[in-house]
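> Take this structure first; my questions come after.
Coordinate-derived values only; no laboratory data. The structure presented is a predicted model; accordingly, all values stated were derived computationally and were not measured. We place every Cβ from the backbone using ideal geometry, glycine too, and count neighbours over all the protein chains shown.
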Amino acid sequence: MKNIDLLVQNYFSGARTEGMTESMYIFTNIFNLSTESVCVFIFFSLLVYLIKGARLASLFLISITTGSLLVYLIKILFDSARPLDGVMSVFGPSFPSYHATIATIFFIMLMYIFDSYLNTFLQFLFNTLCIFCIFIVAFSRVYLGVHWFSDVFFGVILGSLFSYFCIVVFKHVMNARGDPSMLK
């Protein structure tokens, strides 16, 4: 995997443009651990609460919060170095990508929560947009040189698996409580 990491990193080191770099800053900053991102998460939690109710809003917020903690624990465990040619200052270990993991959890949870709310055509558009956003956030981290390809690849896998785990646990809890309206 290290050969692929180096190949991808070397490509983007020479392919960066000013306009593309500015665009990637926008996508990557949405999922920084900052006041703005916390506001985004709270806004979407309130939106889920207003449209789908407290239980799904709790699922959304708890999955992102516990996913964040999980990523940081894994980062401490692996303690891997970041690429040296990043175009922005970052701190902490590289593996797995926090941004890729949290973006994946964020958008998969939105897809799950709003799946039954949208008609078939809107589901397709919404899910396509969510998947695109996952990949653009992951891509931005590699493009900006702050993560290896393997960091974001495993971040997306971790976010997907963790989302699945949260949904399964949620369904199990709702089933145990006898609330079939939450099972889909």
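> Assuming R0 = 41 Å, what is the FRET efficiency of Thr35 and Leu6, from their Cβ-Cβ distance, to the nearest 0.05? Walk me through the numbers on the way to the answer.
Values: r = 35 Å, r/R0 = 0.86.
Between Thr35 and Leu6 the formula returns 0.70.
> Something else about it: Determine which aspartates and glutamates satisfy two conditions relative to Lys2: a Cα distance under 19 Å, and not lying fewer than 8 residues away in the same chain.
The qualifying aspartates and glutamates are Asp79, Asp85, Asp151.
> With only alpha-carbon atoms in the gyration tensor, what are the semi-axes of the equivalent ellipsoid for the range 30-184, in Å, largest first? Provide the component values of the computation, followed by the final result.
On the way: eigenvalues 169, 55, 37 Å².
The three semi-axes for the range 30-184 are 29, 17, 14 Å.
> Still on this structure: Enumerate the aspartates and glutamates that Lys171 could reach by cross-link, defined here as Cα to Cα under 17 Å, with residues fewer than 8 away along the same chain left out.
Of all the aspartates and glutamates, those that pass the test against Lys171 - Cα under 17 Å, at least 8 places apart if same chain - are Asp115, Asp179.
> How large is the helix-only mean residue ellipticity at 222 nm for the chain, computed as the sum of -39500 (n - 2.57) over DSSP H runs with n ≥ 4, divided by its residue count, in deg cm²/dmol to the nearest 500?
Working: 7 runs with 138 residues, N = 184.
Estimated from H runs of four or more residues: -26000 deg cm²/dmol.
> Let me ask something else about it. Return the whole-Å distance between the Cα centroid of the range 103-168 and the Cα centroid of the range 46-96.
12 Å
> Hey, can you list the DSSP H helices of the chain whose Cα span along the axis is 18 Å or longer and whose average Kyte-Doolittle score is at least 1.0?
Working: long enough: 2-15 (20 Å, 0.04); 35-52 (25 Å, 1.83); 54-78 (35 Å, 1.76); 98-114 (24 Å, 1.79); 120-143 (33 Å, 1.75); 149-176 (40 Å, 1.50).
Qualifying helices, which must be both long enough and hydrophobic enough, are 35-52, 54-78, 98-114, 120-143, 149-176.
> Return a whole-number percent for the relative contact order of the chain, with Cα pairs under 8 Å and 6 or more residues apart as the contact set.
Numbers: 209 pairs, mean separation 54.5, N = 184.
Across the chain, relative contact order equals 30 percent.
> Which whole-Hz ³J(HN,Hα) couplings does the range 90-96 yield from phi under the Karplus relation 6.51 cos²θ - 1.76 cosθ + 1.60, θ = phi - 60°, glycine and proline marked x?
For the range 90-96, the Karplus curve yields 9, 10, x, x, 8, 9, x Hz.
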